[in-house]
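Participant: This is the structure I want to talk about, given as structure tokens.
The values are calculated or read from the model by the stated rules, or taken from the named source; none is laboratory data. Since the structure is predicted, the reported quantities are computational estimates derived from the model, not experimental observations. Don't worry about glycine lacking a Cβ; one is built from the backbone with ideal geometry, like all the others, and counts go over all protein chains shown. Just the protein is used for accessible areas: all its heavy atoms, side chains included, with ligands, DNA and RNA removed. Shrake-Rupley method; radii C 1.70, N 1.55, O 1.52, S 1.80 Å.
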Protein chains: 2
Amino acid sequence: MEGSIEHQHPQSAPGGISRCASDDALARSLAALSHPARIRILRHLSNVEGCCCKDVVDHMPLAQSTVSQHLKVMLEAGLIRMKPEGGRSCYTVDRAALAALSASVSGLLEACVAGTASDQKS
Amino acid sequence: MEGSIEHQHPQSAPGGISRCASDDALARSLAALSHPARIRILRHLSNVEGCCCKDVVDHMPLAQSTVSQHLKVMLEAGLIRMKPEGGRSCYTVDRAALAALSASVSGLLEACVAGTASDQKS
DNA sequence: ATCGGTCATCGTCGATATACGATAACCAAT
DNA sequence: ATTGGTTATCGTATATCGACGATGACCGAT
């Protein structure tokens, strides 16, 4: 019943650009981005150049625990980074990861637009 | 803490919050794309320049009903189009929509990379 | 009219997502 | 040590997702 789509080890590439090579990885990154609250949080983080959880909470109509969860989702997806700072946590966007994701998404979509989307399975 | 917070308002508020509409739309499009099976289906559709549901099923380890549901998700998100064709349904990628989505995602992510992601008021 | 092929939908089931409040931990300052 | 502020996590409740099989509808060919 399971099995579903093949799932190869991402095997982190050395260069770093092809971080979102497989469909699974790309889907995961997109899932981390496909929530309006997380999009807003990402925007806010990029604006203020790093801030703590409460800062985000003060800018959103969500509970602290909810914001913390959204941050965790993006953190685990590698979209943002976290650095403990005294009693707080300083969150910053991972610009390299965002740039790589942007390239991956554009690559996929533009290839589909052009009709040159090869079935690069695995 | 804020007292009562409206968590879900189906937009349409005259002077209400309009900044959520864009994020919501983008999040919805991304959600339609954030599944490995749908990414693969989209690639296949773009390769063959339109095909029927069974064609997709034959290229994926999923049941026909499952593929049909994935197609429906992307259809309702506006990523693909459908045209009845005899006893089948001819699915094609909506290249304009994909190009627009690509631009939107790149716009968001590049703005975050550059730190110029304003909290879009308009 | 019947058959074969195709498709969308229904019902179901388990897993996941999303939201919240409550709680404990942690640090800085008193 | 106690207080106050911040954060992560737990537990819970609800909603949605993702998959499947079964079913009925639809069309073309027999």
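Participant: Here is a check on your reading of the model: is A:Gly50 within 12 Å of DNA strand D (Cβ to nearest atom) and on the phi > 0 side of the Ramachandran plot?
Facilitator: Values: within 12 Å of DNA strand D (Cβ to nearest atom): yes; on the phi > 0 side of the Ramachandran plot: yes.
Taking the combined requirement at face value, the residue satisfies it.
Participant: While we're looking at this one, here's another question. Report, ordered by the first and then the second residue, all pairs with beta carbons closer than 6 Å, sequence separation of six or more or different chains, a first member in the stretch A:77-95 that is within 14 Å of chain B (Cβ to nearest Cβ) and on the phi > 0 side of the Ramachandran plot, and a second member that is in a helix (DSSP H, G or I) and away from DNA strand C (no atom under 15 Å from the Cβ).
Facilitator: A:Gly78/A:Ala97
Participant: Being in contact (Cβ under 8 Å) with a residue 24 or more places away in the chain, in a helix (DSSP H, G or I) and not hydroxyl-bearing (Ser, Thr, Tyr) is the requirement here; does B:Ala32 meet it?
Facilitator: Here the answer is yes, as B:Ala32 does meet what is asked.
Participant: Counting just the residues of the stretch B:58-86 that are part of a helix (DSSP H, G or I) and open to solvent by less than 30 Å² (accessible area, probe 1.4 Å), which one comes out farthest from DNA strand C (Cβ to nearest atom)?
Facilitator: B:Met74
Participant: Now, a different point. For the stretch A:87-106: of the residues being of a type in the set (Gly, Ala, Ser) and surrounded by fewer than 16 Cβ atoms within 10 Å (Cβ to Cβ), which is nearest to A:His44 (Cα to Cα)?
Facilitator: The residue in question is A:Ala96.
Participant: Among the numbered criteria (1) surrounded by 19 or more Cβ atoms within 10 Å (Cβ to Cβ); (2) facing chain B (nearest Cβ under 9 Å); (3) at pLDDT 95 or above, which single criterion is violated by A:Ser22?
Facilitator: The failed condition is (3).
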